[in-house]
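Here's the structure, in structure tokens; my notes come after.
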Amino acid sequence: MIKKINKYMIATKAIHKLGDISSDEPDLCYVSEEHEDYYIGSWVTGFGFIRVKFPKETTRELTKEEVEYYNKQRIQIGSGPILSLKVD
């Protein structure tokens, strides 16, 4: 069963239909769906792959310290506007 969710998580393993796009270090991802064994979403930074599968065994909730850290971060893509993150 598919459950719609909207939250930020930390992941390492990531599978796209074009192949493995995993990260060597735990990194921030945004998930929009929860399936039995994996989440569907995308990396917050990177090449913009969508509908990425993040296995549940390598994906976790953010710690309190990570929430505080990421809430202070700013992201700019190309010459676009600077965006603030709100991960909680």
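The values are calculated or read from the model by the stated rules, or taken from the named source; none is laboratory data. Here the structure is a predicted model, which is why all the values come from computation and not from measurement. For neighbour counting, all protein chains shown are included, and Cβ atoms are generated from backbone atoms with ideal geometry for every residue, glycine included.
On the basis of being closer than 19 Å to Lys86 by Cα, without any contact (Cβ under 8 Å) to a residue 60 or more places away in the chain and not β-branched (Val, Ile, Thr), does Gly41 make the cut?
Details: closer than 19 Å to Lys86 by Cα: yes; without any contact (Cβ under 8 Å) to a residue 60 or more places away in the chain: yes; not β-branched (Val, Ile, Thr): yes.
So Gly41 passes the test.
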*asked:* Please verify whether Lys56 is over 26 Å from Lys3 (Cα atoms) and among the basic types (Lys, Arg), treating the condition exactly as stated.
replied: no
*Elements of type strands (runs of 3 or more DSSP E) contained in the stretch 47-88, each with 2 or more residues being farther than 28 Å from His35 by Cβ*: 74-76, 82-84
*Can you tell me which residue in the stretch 1-21 is modelled with the lowest pLDDT, limited to those that are outside any strand (DSSP E or B) and surrounded by fewer than 15 Cβ atoms within 10 Å (Cβ to Cβ)?*
Met1
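Out of the residues in the stretch 61-72 meeting the condition of being among the charged types (D, E, K, R) and surrounded by 10 or more Cβ atoms within 10 Å (Cβ to Cβ), tell me which one is nearest to Val31 (Cα to Cα). Break it down into steps so the answer makes sense when it comes.
The first filter runs over the stretch 61-72 and keeps only residues among the charged types (D, E, K, R), leaving 61, 64-66, 68, 72.
Now narrow it down to the ones that are surrounded by 10 or more Cβ atoms within 10 Å (Cβ to Cβ): 61, 66, 68.
Numbers: Glu61: 11, Glu66: 16, Glu68: 19 Å.
Among them, the one singled out is Glu61.
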*Within the stretch 22-44, work out how many residues are part of a strand (DSSP E or B) and either hydrophobic (A, V, I, L, M, F, W, C) or in contact with a Leu (Cβ under 6 Å, 6 or more places away or on another chain) (or both).*
5
*asked:* For the stretch 1-51, give me the residue count where each residue is under 19 Å from Tyr69 (Cβ atoms) and of a type in the set (Lys, Arg).
replied: 1
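Yes/no matrix, rows are residues, columns are (1) at positive phi; (2) surrounded by fewer than 17 Cβ atoms within 10 Å (Cβ to Cβ); (3) charged (D, E, K, R):
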| site | (1), (2), (3) |
| --- | --- |
| Pro26 | no, yes, no |
| Val31 | no, no, no |
| Val44 | no, yes, no |
| Thr59 | no, no, no |
| Arg74 | no, yes, yes |
| Ile82 | no, yes, no |
